[in-house]
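Working notes, structure below.
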Amino acid sequence: MKLLDLCTTIWGSAEIREASPLIEVARHCLYLPYAGGQAWGLFAEDGQPVNRAIDFREGIFVPSDQILTTRLTAATVDDVAPDGVYIYGGRINPHFGHFLVNTLSRYWAVTKIRSPNTKILYHGSGNPEDWFRIPFVATAFSMLGLLPRDFVSFDKPVRVRSVVVPGTSLEEQHAGYRAYADLCRGIGDRIRSMGEFEQNKRPIYYSKTRLRSAVGVISNEMEIETVLREAGVEIIYPETLSFDDQVRLMSSREQILGSAGSFLHASIFCPPRKITCLNVTEQINSNYTLIDTLAGNSATYHYPPEIKLSNSKEGFLTVRYLPDAGSVARELLGLLDA
């Protein structure tokens with residue numbers, strides 16, 4: 001009896017754009033500091049939002065914690081940012097998946113348009129010193145020649161004379177640009193050049209069994225893990241690896257297995273991979289489709305119709321239980337040989 005259905009539809013859209021994103025210079029604009037659930041972002045003199053600075057989802061939806069209406073205008077804000085030109089770096093989101101999709105994607109042009117003293121104007125909680133303690137953030141930014149001192153924000157509304165706003169090169173669940181693939185492949189090339197790794201034909205399975213928090217988890221994933229391990233698949237816990245090691249590991253293996261998760265986004269830094277994904281919904285989140293296409297991956301997503309929602313678990317948004325998980329694992333193994 002077949003336990004897995006091939007996913008054939010996506011949630012969102014997945015347009016690939018060859019031309020680079022547009023870059024806009026916003027002059028005499030307003031910077032409103034990050035405040036979740038309130039008005040924050042870049043605004044024109046009259047208080048209208050600078051659209052290119054917004055991370056729309058599906059091309060139309062504003063981030064859930066951002067409000068784009070304000071009564072402030074240039075005439076009502078007295079404070080002025082130190083003179084000079086800034087580059088807008090968007091919101092810094094230190095969650096692995098959101099960092100790759102929403103944050104890093106805005107930095108596709110930074111090495112081309114930035115002079116050594118140009119500051120990156122950002123939104124977000126925390127401070128640059130804190131982010132640079134997160135390995136994947138530190139690695140990605142340092143590969144672009146950026147250090148904590150290069151970032152700046154303000155804790156109150158200010159007028160800014162000039163901000164260069166690169167459009168994002170990955171529009172969440174909407175569109176991906178070749179510029180994003182070039183950016184990430186360049187970072188991946190530098191990571192691979194800085195450490196040794198060997199090609200290995202042994203498949204790997206990315207497990208969530210050791211995660212303490214995640215968007216979603218399969219409560220009995222250990223049963224899948226056991227069957228795959230006994231079949232010779234290497235079990236990987238990505239949270240135990242540095243970002244550099246994740247990129248080198250994924251680059252060394254052609255066959256990648258796992259349930260859908262942000263670990264898959266690391267493939268954008270690697271040569272084309274074959275990905276066989278256990279998808280817990282019938283539709284594929286189009287972010288995966290965008291990254292697979294830009295990375296050149298051969299990827300298939302498979303949904304087990306018998307999967308069920310389970311009791312909630314602290315730290316996890318959604319918990320699911322997979323009946324006959326061992327048989328599902330054996331069917332996944334069969335897909336590797338297909």
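Could you grab the pairs with beta carbons closer than 6 Å, sequence gap of 6+ or different chains, first residue in region 263-278 and assigned to a strand (DSSP E or B), second one surrounded by 24 or more Cβ atoms within 10 Å (Cβ to Cβ) and modelled with pLDDT of 95 or more?
I275/I256; T276/L257; C277/Y301
In region 106-118, which residue that is touching a residue at least 24 places away in the same chain (Cβ under 8 Å) and part of a helix (DSSP H, G or I) is farthest from Y31 (Cα to Cα)?
T111
Which number in (1) of a type in the set (A, V, I, L, M); (2) touching a Leu at 6+ places or on another chain (Cβ under 6 Å); (3) modelled with pLDDT of 90 or more marks the one condition that V215 misses?
(3)
Is it true that G41 is out of contact with any Ser or Thr (no Cβ under 8 Å at 6 or more places or on another chain), surrounded by 15 or more Cβ atoms within 10 Å (Cβ to Cβ) and of a type in the set (G, A, S)?
The answer is yes for G41.
With Y177, Y122 as the choices, which residue is in contact with a Ser or Thr (Cβ under 9 Å, 6 or more places away or on another chain), in the same structural domain as V50 (by TED's automatic domain parsing) and of a type in the set (F, W, Y)?
Values: Y177 fails: in the same structural domain as V50 (by TED's automatic domain parsing).
None of the others qualify; the one that does is Y122.
Count, please, the residues in region 136-179 that happen to be assigned to a helix (DSSP H, G or I) and not hydrophobic (A, V, I, L, M, F, W, C).
Of the residues in region 136-179, 6 are assigned to a helix (DSSP H, G or I) and not hydrophobic (A, V, I, L, M, F, W, C).
Of all residues being over 18 Å from S125 (Cα atoms) and touching a residue at least 12 places away in the same chain (Cβ under 8 Å) in region 54-67, which is surrounded by the most Cβ atoms within 10 Å (Cβ to Cβ)? Just the residue, please.
R57
Here is a yes/no grid of residues against (1) of a type in the set (A, V, I, L, M, F, W, C); (2) surrounded by 15 or more Cβ atoms within 10 Å (Cβ to Cβ):
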residue: R273; (1), (2): no, yes
residue: V280; (1), (2): yes, yes
residue: N287; (1), (2): no, yes
residue: L290; (1), (2): yes, yes
residue: L294; (1), (2): yes, yes
residue: T300; (1), (2): no, yes
residue: Y303; (1), (2): no, yes
residue: N311; (1), (2): no, no
residue: P323; (1), (2): no, no
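If I filter region 1-32 down to residues being in a loop (DSSP other than H, G, I, E, B) and buried (at least 16 other Cβ atoms within 10 Å of the Cβ), which single residue comes out as farthest from the chain's Cα centre (by Cα)?
The first filter runs over region 1-32 and keeps only residues in a loop (DSSP other than H, G, I, E, B), leaving 1-4, 7-8, 12-14, 18-22.
Restricting the remaining residues to those that are buried (at least 16 other Cβ atoms within 10 Å of the Cβ) gives 3-4, 7, 12, 14, 20-21.
Details: L3: 30, L4: 27, C7: 22, G12: 16, A14: 15, S20: 19, P21: 18 Å.
Result: L3.
Scan region 153-167 and tell me whether some residue there is under 17 Å from the mean Cα position of the chain (by Cα) and either more than 30 Å from G47 (Cβ to Cβ) or surrounded by 15 or more Cβ atoms within 10 Å (Cβ to Cβ) (or both).
yes
How do the pairs read when you match residues in region 205-225 that are in the same structural domain as E239 (by TED's automatic domain parsing) and on the phi > 0 side of the Ramachandran plot with residues anywhere that are modelled with pLDDT of 90 or more and hydroxyl-bearing (S, T, Y), using Cβ under 6 Å and keeping only pairs 6 or more apart or on different chains?
Here the result reads none, with nothing in region 205-225 linked to a residue that is modelled with pLDDT of 90 or more and hydroxyl-bearing (S, T, Y).
Please find, among P135, P82, the residue that is in contact with a helix residue (DSSP H, G or I) (Cβ under 7 Å, 6 or more places away or on another chain) and of a type outside the set (S, T, N, Q).
P135
Might you check whether a residue that is surrounded by fewer than 21 Cβ atoms within 10 Å (Cβ to Cβ), in a loop (DSSP other than H, G, I, E, B) and among the hydrophobic types (A, V, I, L, M, F, W, C) occurs anywhere in region 87-105?
no
The values are calculated or read from the model by the stated rules, or taken from the named source; none is laboratory data. Since we're looking at a predicted model, the values are computed, not measured. Reconstructed Cβ throughout: ideal geometry from the backbone, glycine too, with neighbour counts over all protein chains shown.
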